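Some notes on the structure that comes next.
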């Protein structure tokens, strides 16, 4: 009973205090939420970068392929008659002119056969003449004349064959060149068709290579071309041959570049890097250190656009040089970010400084 009385008294006191203060009871459930503060704006301060001004130049795009140097002509001589080697007047490796005697065979009975053939020709000529005189007098039949004419023709053919066989015992150079191979010695017996000598014409050489089919439409006969040898020498020539049919395995086409060799340099058989110009393009010569990759793994150059922001230009390597790489895909005039490109991305505001005109940037 006393507990209930004290509780009632306490409630009355609390109510009296609340009425006197005129306040209201605030609880966590009724307290309004604190106002949200707006996010602070991101920092938009431009990044200071160094730029280089680059102007495009017209350069030639080359197809670069590996090839080799071959002789302009290689002539392989074979025996056209049989016989024993009598004379080898020219040493292997010597330079010879057209008509120079290379090999002489023994005549043996050939001269006697020629004389016999000449005698038969004279005999049949005399008999035919006598028969024609008799024919005019009506004393000779037409069949005899036809027989004698056939015999005379056969004798003349035999004489020509004998003369030709004697000529074949002396094998001469058909062209100017080097006596490169001669697998003979004095006393060797040659049969018809045996190898006698190999002549190499080195007054002009040709650089040969296989060109991929996608580059074929850009090539034309007579266009200038160059080749670099392993020792650094440069050869200049003209495209003289393009194959009509592709090689079955690689689907590439054989090409030949003719190169004059008036000094007869020893070039045949050497490896060569052939450069065939296929197009003229506008390109910038820049340091490869300025290249980077974008999110699509494309090669790009970072530059300044008209809004003073970072612009990324996908580029292609046209060709390399000792002082940099030639790149296509950039505007003709462009300010390339040379320092700080690793700290900015496309669209970032930048403050370009130290602008320099770039004529041949290689570092």
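The values are calculated or read from the model by the stated rules, or taken from the named source; none is laboratory data. Not measured: the values here are computed from a predicted model. Ideal geometry is used to build each Cβ from the backbone, glycine not excepted, and the neighbour counts take in all protein chains shown.
Starting from region 60-86, keep only residues that are at positive phi, then list their pairs with residues that are in a strand (DSSP E or B) and buried (at least 17 other Cβ atoms within 10 Å of the Cβ) whose Cβ atoms are within a distance under 7 Å, requiring at least 6 positions of separation or different chains.
83/105; 83/190
Looking for something over 30 Å from residue 93 (Cα atoms) and touching a residue at least 40 places away in the same chain (Cβ under 8 Å) - is there at least one such residue anywhere in region 225-242?
The answer is yes; a qualifying residue exists.
Evaluate region 125-143: report whether one residue or more is within 30 Å of residue 102 (Cβ to Cβ) and surrounded by 12 or more Cβ atoms within 10 Å (Cβ to Cβ).
no
To keep it simple, each residue is scored yes or no on (1) surrounded by 19 or more Cβ atoms within 10 Å (Cβ to Cβ); (2) more than 22 Å from residue 279 (Cβ to Cβ).
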{"site": "304", "(1), (2)": "yes, yes"}
{"site": "309", "(1), (2)": "no, yes"}
{"site": "314", "(1), (2)": "no, no"}
{"site": "323", "(1), (2)": "no, yes"}
{"site": "327", "(1), (2)": "yes, no"}
{"site": "337", "(1), (2)": "yes, yes"}
{"site": "341", "(1), (2)": "yes, yes"}
{"site": "346", "(1), (2)": "no, yes"}
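Among (1) surrounded by fewer than 16 Cβ atoms within 10 Å (Cβ to Cβ); (2) without any contact (Cβ under 8 Å) to a residue 60 or more places away in the chain; (3) farther than 24 Å from residue 92 by Cβ, there is one condition residue 262 misses while meeting the rest; what is its number?
(3)
Picking from 283, 272, 303, which residue would you name as being more than 30 Å from residue 67 (Cβ to Cβ), outside any loop (DSSP other than H, G, I, E, B) and in contact (Cβ under 8 Å) with a residue 40 or more places away in the chain?
Only one candidate qualifies: 303.
Here is a yes/no grid of residues against (1) farther than 21 Å from residue 114 by Cβ; (2) surrounded by fewer than 14 Cβ atoms within 10 Å (Cβ to Cβ); (3) not assigned by TED's automatic domain parsing to the domain that holds residue 92:
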{"site": "146", "(1), (2), (3)": "yes, yes, no"}
{"site": "165", "(1), (2), (3)": "no, no, no"}
{"site": "170", "(1), (2), (3)": "no, no, no"}
{"site": "184", "(1), (2), (3)": "yes, no, no"}
{"site": "187", "(1), (2), (3)": "yes, yes, no"}
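Consider residue 81 against the criteria (1) at pLDDT 95 or above; (2) part of a strand (DSSP E or B); (3) surrounded by 14 or more Cβ atoms within 10 Å (Cβ to Cβ): it satisfies all of them except one. Which criterion is unmet?
Just one mismatch for residue 81, condition (2).
Which of the following residues is on the phi < 0 side of the Ramachandran plot, at pLDDT 95 or above and under 14 Å from the mean Cα position of the chain (by Cα): 205, 163, 255?
255
Exactly one condition in (1) closer than 20 Å to residue 66 by Cα; (2) assigned by TED's automatic domain parsing to the domain that holds residue 342 is not met by residue 208; state its number.
So residue 208 meets the others, but not (2).
Of the residues that make up region 195-218, is at least one surrounded by 14 or more Cβ atoms within 10 Å (Cβ to Cβ) and part of a loop (DSSP other than H, G, I, E, B)?
Scanning region 195-218, I find no residue that is surrounded by 14 or more Cβ atoms within 10 Å (Cβ to Cβ) and part of a loop (DSSP other than H, G, I, E, B), so the answer is no.
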